[in-house]
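Here is the structure we will look at, set down as structure tokens.
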Amino acid sequence: SAMAFELDLKGSVSADIFDKYVWRGQQVGNQTVIQPSATIGQDGYSFNVWGNMPVTKNDSSGKPWNFQELNYIFDYSGAYEKFSYSGGFIIYDYPNTLNMTAQEIYGTVGYDTFLSPSLEIYKGTYGVTGFYIKAAIEHSLELTETLSLDLGSSLAWADNQYNKTYFGGAPAGFNDFILSAALPIDIGGVPLVPSLSYVTLVDDKVRAGHGPKSDNWILGIGSAIEF
């Protein structure tokens, strides 16, 4: 007898440009960055490579046109009735700046209802330990038959081990609060998503551990293609 394994791979490639890189409330750099991403997967399993690359040099966080950060994400996603879920493993690599790696496991759950609430839980397993937990909501406002405004908001909390590493020994508390707006458009068959976000650190001791970069407006534009 013979066994056949059918490949039905699906994937996507994308690229975003932002005027600065802010990650979980931390302003990593104040220069313009490009963030390319590629994903391939099958039957709920996927592998993603994401990168952050400065395109100008305005501070000391990385040389222009060199990857400041590369993330490798192994994920499994699925759905049950109105629930969606995912879980996986992330490797963070910093090839041209910190010369180190970190690792996290994570799980997320979302519910298909008004405001689309979701919850994400991350646990560091190597390099940086501790928990980072984020709750989010989002809603799309239909402006015309072909145009909608995507709004979102999230609030994150982290334990003392996480904040000890990233915020100068701050105790457990609320970290970043985000408000975002995006306007997906199509120009000549090319999908574009201009966006504007406001990110602020909430807890006073967390803010004190990060200094004057605790409040940020982020302007960006991105595009993605699925295959």
Ile17 versus (1) without any contact (Cβ under 8 Å) to a residue 60 or more places away in the chain; (2) in a strand (DSSP E or B): which is the lone unmet condition?
(1)
Selection within region 42-61 - in contact with a Phe, Trp or Tyr (Cβ under 7 Å, 6 or more places away or on another chain) and crowded, with 18+ Cβ neighbours inside 10 Å
Gly51, Asn52, Met53
Output yes when any residue across region 103-113 is open to solvent by 60 Å² or more (accessible area, probe 1.4 Å), under 23 Å from Gln68 (Cα atoms), in a strand (DSSP E or B) and free of Cβ contacts under 8 Å to residues at least 60 places away in the same chain, and no when none is.
yes
Considering only region 115-129, I want to know if a residue exists there that is of a type in the set (Phe, Trp, Tyr) and over 24 Å from Asp75 (Cβ atoms).
no
Return the pair list, or none, for Cβ contacts closer than 8 Å from residues in region 154-174 that are of a type in the set (Val, Ile, Thr) to residues that are not in a helix (DSSP H, G or I), at least 6 apart or on different chains.
Thr165/Val128; Thr165/Thr129; Thr165/Gly130
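Give the residue, chosen from Gly88, Gly110, Gly124, that is over 20 Å from Tyr162 (Cα atoms) and not hydroxyl-bearing (Ser, Thr, Tyr). Walk me through it before giving the result.
Values: Gly88 fails: over 20 Å from Tyr162 (Cα atoms); Gly124 fails: over 20 Å from Tyr162 (Cα atoms).
On inspection, the qualifying residue turns out to be Gly110.
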The lone exception for Tyr85 - which of (1) over 26 Å from Ile137 (Cα atoms); (2) open to solvent by 80 Å² or more (accessible area, probe 1.4 Å) it fails
(1)
Which is under 21 Å from Ala102 (Cα atoms) and of a type in the set (S, T, N, Q), of Gln31, Gln27?
Gln27
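Just to verify a result, which residue in region 156-175, among those that are part of a strand (DSSP E or B) and not small (Gly, Ala, Ser), is least open to solvent (accessible area, probe 1.4 Å)?
Filtering region 156-175 for residues part of a strand (DSSP E or B) gives 156-158, 173-175.
Then keep just the ones that are not small (Gly, Ala, Ser); that gives 157, 174-175.
Working: Trp157: 88, Phe174: 101, Asn175: 0 Å².
Restricting to residues being part of a strand (DSSP E or B) and not small (Gly, Ala, Ser), the top hit is Asn175.
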Which members of region 114-154 meet the condition of being in a strand (DSSP E or B), farther than 22 Å from Thr200 by Cβ and of a type in the set (D, E, K, R)?
Lys123, Glu142
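When you go through Ser214, Ser223, Ser153 one by one, which is the residue that is open to solvent by less than 40 Å² (accessible area, probe 1.4 Å), under 24 Å from Ile34 (Cβ atoms) and among the polar types (S, T, N, Q)? Break it down into steps so the answer makes sense when it comes.
Values: Ser214 fails: under 24 Å from Ile34 (Cβ atoms); Ser153 fails: under 24 Å from Ile34 (Cβ atoms).
After applying the criteria, what remains is Ser223.
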State whether one or more residues within region 114-133 are in contact (Cβ under 8 Å) with a residue 40 or more places away in the chain and closer than 28 Å to Val28 by Cα.
yes
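The values are calculated or read from the model by the stated rules, or taken from the named source; none is laboratory data. Source: prediction; values computed, not measured. No Cβ is skipped: glycine too gets one built from the backbone with ideal geometry, and neighbour counts run over all protein chains shown. Just the protein is used for accessible areas: all its heavy atoms, side chains included, with ligands, DNA and RNA removed. Shrake-Rupley method; radii C 1.70, N 1.55, O 1.52, S 1.80 Å.
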